[in-house]
Structures are given as C-alpha cells and as structure tokens.
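Structure, as structure tokens:
The values are calculated or read from the model by the stated rules, or taken from the named source; none is laboratory data. Just so we're clear, the structure is a prediction, and the values are computed from it rather than from any experiment. With ideal geometry, Cβ positions are generated from the backbone for all residues, glycine too; neighbour counts draw on all protein chains shown.
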C-alpha cells in the first residue's frame, strides 16, 4: 500500500535531487570510517558462532535418547539462525572483500552448515535490496501464501485468498513452517540454470540433508528423532521470521514505475528497531535496517554508529525516518496485515451475486 507520505516523497523533484542527497550522506559515512572492514570483530563472531554450533551437536550426542533432546533442538534452532545471520553478512561482503572467499565461506556456512542454499538466497536477497517492498520486483513481498497489499489481496486466489482473511492471526504460527520452506525453496532453485555452480551447491545441500537426518536417526529412536526435527525446524523458522519481519512488513509498498531515488527507496520502506546490546545480538544487527539497506557492505558493528549520522541527515533533508521498539514493530506489521486482508473479509460478508 503506497501511503500519501510516501507518494509525497516519490515526486519527480525528490528523484532529481536524490542522487546528490545520497552522495552527501555517503561522504559523511566514509569520512567517519564506517565503511572500513572489521576483521577482528568477524574473526571473533565467526569463531563463537562456530563453537556454539559444534557444542550444540556434541550436546545432542551426549544427551542422546532422552526427551531433554528437545531442549537441545530449541538451542540449536537459535544457533542455526545465528549461522544464517553470519551467511547474510558474508554474502554482503562485509567480511571479505574478494568474491572467491565470500562464495566459499557462504556455501560452507549456508549449504553444508544449515541446509540453506547460498546461491538461491543471494539472488533473492539481492533483488530485495535493489527494490525493497516493490510488489513486482521484490520477491519478499510476492503474494505466495501471504498478501502484502490490498491490491494483492483483491487479485489473490486459492490458498493466499483463504489465508489472507486471517493472516495477521496466522502469521506467527505460519512462521514455524518457514524453516522447511527455506530448505525446499533452495533445493527447488537448483533447477534454475542462472544459479552458479549448481552441482556444487546441490552436493553440499543434499549432503547436509543426508548427514542431518542420518545423525538424528542414528542417535535417537524414531519418535524422538521426528520430535527433534519438528522442534528444531519450527523454532528455526519462527526465529528467522521474527528477525526479518520487523524490517519491512507494514511499511509502504511500491508498484509499477513508482521508483523514488535510492536514498528514499531504502529509507521509506524500512523500519529500525530500538534496543540495546541484546536486541543487536538477537537480530544480528538487522534492527538497523535503514542503515543496512543504504550501505549493505557496511560491517554490522558499524551500523549503530551510522544510525546517528543517517537519522540526523534524514531530518536535515526532510525524509521520514521510522524507528520503533521490537514489540511495536510486530504490532505495526500485524496491524498492516490485518488491514490488507480487509477486502477478502468484506467479500465474505457481502458475496458477489452470480
């Protein structure tokens, strides 16, 4: 839904001066040294996440045939989401400058580590960054199971039309299927010839699936293995959804040729989440979504410093900068989703005569 405030910011005059606006902001950010690499930070972070991942699997083996293994499954869900966040930073070249080490580590961490296809995800995420919240160009707001605008709701059929009526109430339960969806989508994408090194990607991905399932059924009896699988994947999907949902859901969407300049396109469709060190850790720094979208290759620990500069600059040039608390961000997203489903509920109340 394109709001009036967004439409005002999308006018031709804004677009003409937009390039200069971003260039001035980039100059300030660069002069502050915030685009510089943080090798020590990433060495420590990758090391700690790797240790947590290894410790999780050791705990899984040591706990063995016990229902306490479900606690391990929950902890491993959190750890795997943190691995996914590392893959995110690697893919944005926040860690390595060169393409080769970026792709090697991305595939090892993603495909082999957690069964998340690096090539598929990178392609999808790159298109999202180029056109955030654009209904035709951003795959993250494509009307798949959920709908993200009343325009999409009116055009929906089948499952999206059915779910869209109550999607605000179903959103968090549906996120528990997101882990499975990420695995399946990555595997299906291997049929796409545009994915580079499909053979390698497929070997690592299906190697992960085989090793994962073999470990579950080697250590646990069938009932506990299936329970571990369900808890692990459900909580992984839920956590991943809770990380990404506050970023853009409920913010203005674009359609057609509605493409403001780069700075406004990124700022006006993104939401920041306030919080301290715990929020930064839990959301992997993506709570600074505005700064991340403006400067995707900026190392995560620099985002909170960039926020001060970006927020002040947006006030200076009159661009709305939206920031809220974590709970409020979910409330805004759910309120928007409920509003989007209104045409579908209205159809139920007033069926069209045939």
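Would a scan of the range 305-322 turn up a residue that is outside any loop (DSSP other than H, G, I, E, B) and either under 23 Å from residue 241 (Cα atoms) or modelled with pLDDT under 95 (or both)? Write out each step before concluding.
Our first condition is that a residue be outside any loop (DSSP other than H, G, I, E, B); within the range 305-322, this holds for 305-317.
Then drop every residue that is not either under 23 Å from residue 241 (Cα atoms) or modelled with pLDDT under 95 (or both), which leaves none.
Looking through the range 305-322, none of the residues is outside any loop (DSSP other than H, G, I, E, B) and either under 23 Å from residue 241 (Cα atoms) or modelled with pLDDT under 95 (or both).
Only one of these is touching a helix residue (DSSP H, G or I) at 6+ places or on another chain (Cβ under 9 Å) and closer than 21 Å to residue 205 by Cβ: 104, 95, 109. Name it. Walk me through it before giving the result.
Numbers: 104 fails: touching a helix residue (DSSP H, G or I) at 6+ places or on another chain (Cβ under 9 Å); 95 fails: closer than 21 Å to residue 205 by Cβ.
Result: 109 is the single residue among 104, 95, 109 that is touching a helix residue (DSSP H, G or I) at 6+ places or on another chain (Cβ under 9 Å) and closer than 21 Å to residue 205 by Cβ.
Answer yes or no as to whether residue 299 is modelled with pLDDT under 95, buried (at least 16 other Cβ atoms within 10 Å of the Cβ), under 23 Å from residue 128 (Cβ atoms) and out of contact with any strand residue (DSSP E or B) (no Cβ under 8 Å at 6 or more places or on another chain). Talk me through it step by step, then tell me what you get.
On the way: modelled with pLDDT under 95: no; buried (at least 16 other Cβ atoms within 10 Å of the Cβ): yes; under 23 Å from residue 128 (Cβ atoms): yes; out of contact with any strand residue (DSSP E or B) (no Cβ under 8 Å at 6 or more places or on another chain): yes.
The answer is no for residue 299.
Enumerate the helices (runs of 4 or more DSSP H) found wholly within the range 52-157, keeping only those where 1 or more residues are under 22 Å from residue 285 (Cα atoms). Steps first, please.
Values: elements: 69-91, 99-107, 118-130, 150-155.
Filter on the range 52-157 gives 69-91, 99-107, 118-130.
Here are some conditions: (1) touching a strand residue (DSSP E or B) at 6+ places or on another chain (Cβ under 8 Å); (2) surrounded by fewer than 20 Cβ atoms within 10 Å (Cβ to Cβ); (3) in a helix (DSSP H, G or I). Residue 290 meets all but one. Which one does it not meet?
Just one mismatch for residue 290, condition (2).
Checking residue 316 against (1) closer than 23 Å to residue 40 by Cβ; (2) surrounded by fewer than 21 Cβ atoms within 10 Å (Cβ to Cβ): exactly one of these is not met. Which one?
(1)
Could you list all residues from the range 27-45 that are in contact with a helix residue (DSSP H, G or I) (Cβ under 9 Å, 6 or more places away or on another chain) and free of Cβ contacts under 8 Å to residues at least 12 places away in the same chain?
Initially, the range 27-45 is screened for residues in contact with a helix residue (DSSP H, G or I) (Cβ under 9 Å, 6 or more places away or on another chain), giving 28-29, 32-36, 38, 41-42, 45.
Across the range 27-45, the qualifying residue is only 33.
Kindly indicate whether residue 174 is assigned to a helix (DSSP H, G or I), surrounded by 14 or more Cβ atoms within 10 Å (Cβ to Cβ) and touching a residue at least 24 places away in the same chain (Cβ under 8 Å).
Working: assigned to a helix (DSSP H, G or I): yes; surrounded by 14 or more Cβ atoms within 10 Å (Cβ to Cβ): yes; touching a residue at least 24 places away in the same chain (Cβ under 8 Å): yes.
Spelling it out, residue 174 is indeed assigned to a helix (DSSP H, G or I), surrounded by 14 or more Cβ atoms within 10 Å (Cβ to Cβ) and touching a residue at least 24 places away in the same chain (Cβ under 8 Å).
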